[in-house]
Amino acid sequence: MDIRTIGVIGAGTMGNGIAQVCATAGFPVVITDIAQAALDRAMKAIDTSLERMVNKQKMTAADKAATLARLTISTDMKALADCDLVIEAATENIGLKQKIFSSIDAVVKSDALIASNTSSISISKLAAATKRPSQFIGMHFFNPVPVMALVELIRGMQTSDETLAAVRAVVVKIGKAPIVVRNSPGFAVNRILVPMLNEACFALGEGVATPEDIDEGMKLGCNHPIGPLALCDMIGLDVMLDVMNVFYESFKDSKYRPAPLLVEMVEAGYLGRKTGRGFYTYDKK
């Protein structure tokens, strides 16, 4: 399978990051979104990101211009018709994603591959919304996409070896490092990371240490670049709770129960950076 043109559905933070790294690597990229304003913001964000790279002498002005020239935007999903690989990066809502995949399936050519950037939803379940489950795969990028090296490749029950090999080649070409993961709640990274963050919430709730000392301990003692509670605030405490509830329901194992403090903070509306208050207080500006 020769991937030449890539489509990206969703012009949010993840979508524009994925589009940027693919275009920088030489792929013509089509970005689609239902809102023209979102597409305009995405192009502005990509332009700003590339300009930052030029200023840091990580690319030339000519390279930036060439990268931008490879990007096409559209509110019409039919613009994806000639893409060899379409990567969905829409909101983490299974109903919405299934609707998108059913629509994509009817638009793209028969040999095109479809990928989802989901961080938690079953790849096998999403693939079932298409008539090409063997050509469907999970492609989980990490935020911020231009900086983070990892991409989790998640095989659904029917994902073919050919699909995996073709998408792995794309990941390598765009300068990322792929790991292959079985379809399971949280996949590999979040399966390990999120329960660790939840345990930090338990520790705080039990008065083991202050938020500052818990975070400082993990940074200095485990060499983490950011403390677990500060990371919870960055991710969003509501997102954290949603993932823990998925684990709890999926595995039926009490070790995945959400920390009571996490639940109460979400109930209080203290969701982290996006609300100005979580385990720490932030300037909303």
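Read-outs throughout are calculated quantities, based only on the coordinates presented, and are distinct from any laboratory measurement. All values reported here derive from a predicted model rather than from experimental measurement. Please note: Cβ atoms are built from the backbone with ideal geometry, for glycine as well, and neighbour counts cover all protein chains shown.
Annotations
- Gyration tensor verdict on segment 58-193 (Cα atoms; rounded if a/c is under 1.5, prolate if a/b is larger than b/c, oblate otherwise): oblate
- Neighbour-count ranking [beta-carbon atoms within 10 angstrom, fewest first] of Met157, Met244: Met157, Met244
- Here the Karplus curve 6.51 cos²θ - 1.76 cosθ + 1.60, taken at θ = phi - 60°, turns the phi angles of segment 50-55 into couplings of 5, 5, 4, 5, 5, 5 Hz, with x standing for Gly and Pro.
- For segment 62-101, the square roots a ≥ b ≥ c of the C-alpha gyration tensor eigenvalues yield an a/c of 1.5 or more together with a/b exceeding b/c, which makes the shape prolate.
- Degrees between helix 94-107 axis and first principal axis of the chain (Cα, 0 to 90, nearest 10): 10 degrees
- Size of electric dipole in the chain: Cβ of Lys, Arg +1 and of Asp, Glu -1, about Cα centre, debye, nearest 20: 620 debye
- For Ser116, residues with placed amide H under 5 Å, excluding near neighbours: Glu88, Ile137, Gly138, Met139
- Note on the chain: dipole from Cβ charges, positive end direction compared against Pro28, Leu164, Asn198; the farthest Cα belongs to Pro28.
- Footprinting exposure proxy for Asp242, Asp111, Asp84 (fewest neighbouring C-beta atoms within 10 Å first): Asp111, Asp242, Asp84
- Rough spin-label spacing in nm, given labels placed 7 Å along Cα→Cβ, for Ala81 and Thr13: 3.5 nm
- In degrees, nearest ten, helix 161-173 long axis to first principal axis of the chain (Cα): 80 degrees
- The value of relative contact order for the chain, using C-alpha pairs under 8 Å at least six residues apart, is 13 percent.
- Proximity of backbone amide H atoms, modeled 1.01 Å from N, is registered between Arg277 and Leu271, Gly272, Tyr282 at under 5 Å, excluding neighbours fewer than 5 places apart on the same chain.
- Projecting the Cα atoms of Gly221, Val208, Ile235 onto the charge dipole of segment 194-238, computed from C-beta unit charges around the Cα centre, puts Gly221 farthest toward the positive end.
- When the GluC sites (Glu not before Pro) in segment 177-219 are filtered for DSSP coil states and for at most 13 other beta-carbon atoms within 10 Å of their beta-carbon, the remaining sites are Glu206.
- Antiparallel DSSP beta bridges within segment 6-182, percent to nearest 5: 15 percent
- Karplus (6.51, -1.76, 1.60) ³J(HN,Hα), θ = phi - 60°, over segment 33-45, in Hz, Gly and Pro reported as x: 7, 6, 10, 4, 4, 5, 5, 5, 5, 4, 5, 5, 5
- Scalar couplings 3J(HN,Hα) for segment 184-192, obtained by applying the Karplus form with A = 6.51, B = -1.76, C = 1.60 to θ = phi - 60°, are 7, x, x, 6, 9, 5, 5, 4, 8 Hz; x denotes Gly and Pro.
- Relative contact order for segment 191-274, counting Cα pairs under 8 Å that sit 6 or more residues apart, in percent: 34 percent
- Computed E for Ser254/Arg52 - FRET, C-beta separation, R0 35 angstrom, nearest 0.05: 0.15
- Stretched out straight at 0.36 nm per residue, the stretch from Glu267 to Lys131 would grow longer than its current Cα-Cα span by 44.9 nm.
- Using alpha-carbon coordinates, inclination of helix 13-24 to the longest axis of the chain, degrees: 40 degrees
- Packing-based exposure ordering (other Cβ within 10 Å, fewest first) of Lys78, Lys64: Lys78, Lys64
- Relative contact order (percent, whole number), segment 1-139, Cα cutoff 8 Å, 6+ residue spacing: 26 percent
- Long-range amide H partners of Ile31 with built H, under 5 Å: Val8, Thr72, Ile73, Ser74
- Within the straight-line cut-off of under 26 Å between alpha carbons, the lysines reachable from Lys219 are Lys176, Lys255, Lys274, Lys284, sequence neighbours fewer than 8 places apart in one chain being disregarded.
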